[in-house]
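Working notes, structure below.
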Amino acid sequence: MKTTVEIADPLLREAKRAAARDGTTVRALIEHGLRRVLEERRKPGRFRLRDASVRGRGLQPGLEGASWARIRELIYEGRGG
């Protein structure tokens, strides 16, 4: 399909140089770029884990450098776990 797209002159000049250097066409560059943008928009947003820290103070004193096994022991201590 043919269409008309207005592109800034400096960008078009750069695209023409890149196309010539790569042995391709400006059309191919535009199609490739458009495919990448559309694919990126289809991807779900980046997952962000909410900050669930308590008062933002990190680990309790004395647990810095403790193994996960030790931390788990303390979490379940006295709870039958």
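Annotations for the structure displayed:
- Selection from TRP68, LEU49, ALA19, by position along the positive dipole direction of the chain (Cβ): ALA19
- Share of Cα-Cα pairs in the chain lying beyond 18 Å, as whole percent: 69 percent
- Value of [θ]222 nm, deg cm²/dmol, for the chain, DSSP H segments ≥ 4, -39500 (n - 2.57) each, nearest 500: -15500 deg cm²/dmol
- Difference of contour (0.36 nm per residue) and Cα-Cα distance, ILE75 to GLN60: 4.2 nm
- Angle between the chain longest axis and helix 26-42 axis [Cα atoms, degrees, rounded to 10]: 30 degrees
- Put a plus charge on the Cβ of each Lys and Arg, a minus charge on the Cβ of each Asp and Glu, and nothing anywhere else: the dipole of the chain about its Cα centre is then about 180 debye.
Bear in mind that the values in this text are calculations on the coordinates, not laboratory data. No experiment lies behind these values; they were computed from the predicted model shown. Positions of Cβ are backbone-derived with ideal geometry, glycine not excepted, and every protein chain shown enters the neighbour counts.
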